[in-house]
Amino acid sequence: MKIKANPSILFLYGLTLTILAFTLRKLNPLAFSSLLNLSIGLVLGFRKYRFLIAAFLLSLVGVAVNALIFAGGEPVYHIGCLVIRSGAITGFIEVSLRLALMFSATLIFSSLTNPRDLLRSLESELGLPKQVSFTVSLSLRLLKIFETDIREIQAVRKSRGLRTTPITPSDWDSFLSPLLSLGLERGRWIGIATELRGFSLRKVKKTCLKLGFVDFLLLTLMLIQVLASLLF
């Protein structure tokens, strides 16, 4: 059974989760929202976005290393010459939950809509400027292309005898440079192609916002999480 949701409601839900990820200061509501939405996101997007899930897990390794090196606090564990401090544990949990909340918003949002429906809904139902709607819709369309670019860069690195997964700063430099170059070049030609097809002259027809059961469920979840962030 295919789950259907209004793209505008999905956009508002994802935007709310992102705001909560940056603004929540207490650990309890942050953990509640992160674990709730991550569970939903993994159920919806596990098959389609396995590569992004793997990238998210890899990012947690970087968060852990950063916490071990830079965090302060009282020593809690000693593993050989490695000292794990209380600040490292707290910092790792907090940053991981924030990343998980933003990542779950991406999984839920991208799993329940497509770029064409999203563009039409944001323009006609939510009333966003068409430039903003197009940018949001384009980012969703480029998600799979971004995954393909990463796989191709990894294949090239492997053929050159380099690590496919970047670890050191030099690895990240050689990994991100071609990725950024590809993104800039693709963005330039997408802009040219869009204008050639008359994007600036296209008129938008306003329509009423249509809500279904899934939309009311998302709005309810959004309200619960906002209230939890205020009360706890």
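The values are calculated or read from the model by the stated rules, or taken from the named source; none is laboratory data. None of the values given here were measured: they were computed from a predicted structure. We work out accessible area using only protein heavy atoms, side chains counted, and drop any ligands, DNA or RNA first. Shrake-Rupley method; radii C 1.70, N 1.55, O 1.52, S 1.80 Å.
Let me cross-check residue 148: its accessible surface, 1.4 Å probe, with only protein heavy atoms counted, in Å² to the nearest 10?
Accessible area, nearest 10 Å²: 70 Å².
For the chain, report the translational diffusion coefficient in µm²/s to the nearest whole number, using Stokes-Einstein at 10 °C, 1.306 mPa s, and a Kirkwood Rh over Cα pairs.
79
Measuring with a 1.4 Å probe in the full set of protein chains, what accessible area per residue, in whole Å², belongs to the chain?
Spelled out: the 1.4 Å probe surface of the chain, per residue, equals 63 Å².
I'd like the Karplus ³J(HN,Hα) series for the range 64-69: coefficients 6.51, -1.76, 1.60, θ = phi - 60°, whole numbers in Hz, and an x wherever there's a Gly or Pro.
With the stated coefficients, the range 64-69 comes to 5, 4, 4, 5, 5, 7 Hz.
Check residue 85: other-chain or 5+ apart residues with amide H under 5 Å from its amide H, H built from backbone geometry?
Correct list: 76.
For a quick check, take a GNM of the chain with Cα springs below 10 Å and name the residue from 162, 60, 24 with the largest mean-square fluctuation.
In this elastic network of the chain, the residue with the biggest mean-square fluctuation among 162, 60, 24 is 162.
For the range 40-142, just the Cα atoms, rotate onto the principal axes and tell me the three extents in Å, largest first.
Over the range 40-142, Cα extents along the principal axes are 59, 29, 20 Å.
Using only Cα atoms and rounding to the nearest 10 degrees, what angle (0 to 90) does helix 7-23 make with the longest principal axis of the chain?
The angle comes out near 30 degrees.
Calculate, in nm to one decimal, what residue 145 and residue 189 gain on full extension: separation in residues at 0.36 nm each, minus their alpha carbon distance.
Fully extending the segment from residue 145 to residue 189 adds 14.4 nm.
Report ³J(HN,Hα) in whole Hz for each residue of the range 26-32, in order, from the Karplus equation J = 6.51 cos²θ - 1.76 cosθ + 1.60 where θ = phi - 60°; Gly and Pro get x.
Here the 3J(HN,Hα) series is 8, 6, 4, x, 5, 5, 4 Hz.
Provide Rg and Dmax in Å for the range 28-85, with only Cα atoms included in the calculation.
Cα radius of gyration and Dmax of the range 28-85 are 15.6, 42 Å respectively.
Evaluated at 25 °C with a viscosity of 0.890 mPa s, what Stokes-Einstein diffusion coefficient in µm²/s does the range 128-201 have when Rh comes from the Kirkwood expression over alpha-carbon pairs?
For the chosen part, D equals 173 µm²/s.
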